[in-house]
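Trainee: There's a structure below that I have some questions on.
The values are calculated or read from the model by the stated rules, or taken from the named source; none is laboratory data. The shown structure was predicted, so the numbers you read here are calculated from the model rather than taken from an experiment. As a convention, Cβ positions derive from the backbone with ideal geometry for all residues, glycine included, and neighbour counts pool all protein chains shown. Quick note on the areas: whole protein, heavy atoms, side chains included, nothing else; ligands and nucleic acids left out. Shrake-Rupley method; radii C 1.70, N 1.55, O 1.52, S 1.80 Å.
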Amino acid sequence: MAARVIYLVKTYLWTVMIFIIAKVGFMVGCREGHTFGVGDVLEVISHGLTLDLSTALYFLIVPFLLTVVSLWWPHRVLTAISRGYFVLIAIAFALAFVADTSLYPFWNYKLDSSCLQYLTTPTEAMASVSTGYLLARLVILAVVALLIYLGYVRPPMYFTPTRHRLAGTVGALVCIPLIVIGVRGGLSESTTNIGQVYYSQTAFLNHSAVNPVFNFLSSLEHDASQVPDYAFMEDSERARLMAGLYPTESVAVDSVLRSERPDIIVILLESCGGIFTEDIGGRKDIMPNLNRLVGEGVYFAHFHANSYRTDRGTLCTWSGYPSFPRSSLMKIPAKSRFLPGIAKSLLQEGYKTSYLYGGDINFTNMRSYLVTIGFERFIWMKDYSAEEQNSAKWGVRDDITFSTLYDEVTKFDANNHYLIGYSTLSSHEPWDVPTHRLKDEIPNAFNYLDGCLGEFISKVRQTPQWDNLLIVLLPDHGYTYFGVDEDHEEHDHVPMLWLGGAIKEPRRIEQICNQTDLPATLLGQMGIAHDDYMFSRDVLSSNYRYPFATHTYNNGITMKDSTGFAVYDLNANRLIVDKSTDGKQLIRKGMAILQTASEHINQLGTTK
């Protein structure tokens, strides 16, 4: 009997040890851009231990049950089942650890179920990395899985006297509630959760303390293909906080356009955070063309992205709808088909609409969404030659698609009005651009994008179409670099610039605003009603009296207004950054927005 107890204890302790070693491996593997010492590693281990202890109990349940069965039936079949089980969890653990450490530098959040969404389009999902990178990870995966498996000891299987069987069975029955309590994390109402390991103001240290296996399993309850109900407060408080935040009509608009019906190009600059520009990040060398053009158009100096990924940011831009921390509306056609869209609004005004993208337009359900919001025609990867399609890992290089965009503009005629949407793609991992002006590959990729943009503007300025052209430049989302991550107020501070002959004169707009405000602001300039964009504000309207910006990331909320900046972590359920004179009230407004949006989207398409 003692041998069985020792076996279970060894199994449990080895699982806990695996989790601890994985933490150290994570910190070492993701150390670039993060500063920490031995003391930080020890704190990460100690603070993450409670979650590790609870998670390890999950994986002790099968060995525990097999051990109880072996008291009465010590058959070699149980040994085979046990070995098979340890092979499976060794592979599962290795997958979790290697995937977590590999994805974090790209995503800056822990492994969760959102990675499963990209398995439907594996080619695009793997486009950010090289073949060598993948092969190296497969080797590491195999080695880690083998080491984990070898650490588990063989279960004792031998005949036990009847009195020991009875005693062992009684002992097992006593242990069951203890295991349940351990898995649950105690007897209080609060159960085991990720937030319990958060202890630092540094996001990387908190993330390092989180058990990736637990994080992945718990995130399965919050699938990105559905929007959870965010019930932070009573409806009366929510309504009070929402009052006046989103005026849906334009009043006495400050006009910046010479024409109410310009031809429009909206260019989403992949990952182009303000940190790469001079006005926001103080960088003169990376994007000199954009820096120069800021003085030639209408520049929104305090513009903020709503989300952290392309599918979210694209929807925020075109539909003026806020993002959700772990859900992508673009991937939920049953909901997104009810949303308004700039293209749909302009179709009703007689515009011809088209979208240009050098990648796979079916990735993340992009085509379906763009069709439902009013785009009639698409130019994408499959419309290019095989050589052009393979000019970059993600698809057709930006210099090639910018050339296509120029050709499309030259086809504009005076008898029609046009809207073109365009998403660039080269300023994305693996940063495989044809120019090498800067040593650092990431700023170099944005320098390449800037060169493509500068050449396009220079060429299109010489066309007769320029006189009635409005070009809107904005990123789909910001980017974590130069030590600026989600808990930094400059992370989502991104440039938005309106250029073209349709602009009256250069202007600098100082109001804080959001990516979601583009539809109302653009339509307001054109005298087109935008009351169906319930989360979009006309920044140039006289009733825009409370400038603020909201942003969500996995799994948090940031808010910015005249009182300052605040970040709330939904895992820890607390403010992790408070640079506001009233951070709690500021975040309550962010919560009210998220709650209102989730309630609204979940009601769309339902019948009462």
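Trainee: Using a 1.4 angstrom probe and counting only protein chains, how large is the accessible area of TRP466 in Å², to 10?
Mentor: In the full protein context, TRP466 sits at about 30 Å².
Trainee: When Lys and Arg each count +1 and Asp and Glu each count -1, what net charge do the other residues less than 13 Å away from THR131, Cβ to Cβ, add up to?
Mentor: So the surrounding residues net to +1.
Trainee: Moving on. What is the chain's relative contact order, in percent, from Cα pairs under 8 angstrom and six or more apart in sequence?
Mentor: With pairs under 8 Å counted, the relative contact order is 20 percent.
Trainee: Over all distinct alpha-carbon pairs, what is the Kirkwood Rh of the range 388-459 in angstrom?
Mentor: 13.2
Trainee: When each pair of different Cα atoms in the range 492-542 is counted once in the 1/r mean, what is the Kirkwood radius in angstroms, to one decimal?
Mentor: With all distinct Cα pairs of the range 492-542 included, I get 12.0 Å.
Trainee: Under the Karplus relation 6.51 cos²θ - 1.76 cosθ + 1.60, θ = phi - 60°, what is the ordered set of whole-Hz ³J(HN,Hα) values for the range 171-178, x standing for Gly and Pro?
Mentor: In residue order, the calculated couplings are x, 5, 4, 5, 6, 4, x, 5 Hz.
Trainee: Return the sequence-ordered ³J(HN,Hα) values of the range 59-68 in whole Hz as given by the Karplus equation 6.51 cos²θ - 1.76 cosθ + 1.60 applied to θ = phi - 60°, using x for Gly and Pro.
Mentor: Those phi angles translate into 8, 8, 4, 5, x, 5, 5, 5, 5, 5 Hz.
Trainee: Still on this model: Excluding ARG507 itself, what net charge comes from residues whose Cβ is under 12 Å from its Cβ, given Lys and Arg +1 and Asp and Glu -1?
Mentor: -2
Trainee: So what does GLU486 come to for accessible area, using a 1.4 Å probe and Å² rounded to 10?
Mentor: 30
Trainee: Rounded to the nearest Å, what's the spacing between the alpha carbon centres of the range 309-323 and the range 379-457? Just the number, please.
Mentor: What the calculation gives is 21 Å, centre to centre.
Trainee: Under a straight-distance cross-link criterion of Cα-Cα below 23 Å, which lysines are reachable from LYS382, leaving out those fewer than 8 residues away in the same chain?
Mentor: LYS331, LYS352, LYS393, LYS411
Trainee: With a/c under 1.5 counting as rounded, go ahead and sort the range 237-393 into rounded, prolate or oblate using the C-alpha gyration tensor (a ≥ b ≥ c being the square roots of the eigenvalues; past the cut-off, prolate if a/b is larger than b/c, else oblate).
Mentor: Here the range 237-393 falls in the rounded category.
Trainee: About the Cα centre, and with charges only on the beta carbon of Lys, Arg (+1) and Asp, Glu (-1), how big is the dipole of the chain? Nearest 20 debye, please.
Mentor: About 2300 debye.
Trainee: Of SER458, SER219, which has the most accessible area and how do the rest follow, probe 1.4 Å?
Mentor: Per-residue accessible area, sorted high to low, gives SER458, SER219.
Trainee: On a full-extension model of 0.36 nm per residue, what is the gain between LYS439 and VAL371, subtracting their alpha-carbon distance, rounded to one decimal in nm?
Mentor: Using 0.36 nm per residue and subtracting the Cα-Cα distance, I get 20.5 nm.
Trainee: Another question, then. Applying a 10 Å radius around every beta-carbon, put 548-560, 584-596, 346-358 in order of their mean neighbour count, most first.
Mentor: Top to bottom by mean Cβ count within 10 Å: 548-560, 584-596, 346-358.
Trainee: I'd like to know which of GLY39, ASN306, ALA597 lies farthest towards the positive end of the charge dipole of the chain, counting +1 on Cβ of Lys and Arg and -1 on Cβ of Asp and Glu.
Mentor: My answer, from the dipole projection, is GLY39.
Trainee: Which one, LEU13, GLN348, LEU220, is farthest towards the positive end of the dipole of the chain when Lys and Arg carry +1 and Asp and Glu -1 on their Cβ?
Mentor: LEU13
Trainee: A further question on this structure: Using Cα positions and a limit of under 16 Å, work out the lysines in reach of LYS284, with same-chain residues fewer than 8 apart set aside.
Mentor: Hits, sequence-local ones excluded: LYS439.
Trainee: Per DSSP helix of 4 or more residues, -39500 (n - 2.57); summed, then divided by the residues of the chain. What does that give at 222 nm, rounded to the nearest 500?
Mentor: My calculation for the chain gives -14000 deg cm²/dmol from helical runs alone.
Trainee: Using the alpha-carbon atoms, what tilt in degrees (0 to 90, nearest 10) does helix 38-58 show relative to the longest principal axis of the chain?
Mentor: It works out to around 70 degrees.
Trainee: Right, next: Expressed as an acute angle from 0 to 90° and rounded to the nearest 10, what is the orientation of the C-alpha long axis of helix 310-319 relative to the principal long axis of the chain?
Mentor: Once rounded, the angle reads 40 degrees.
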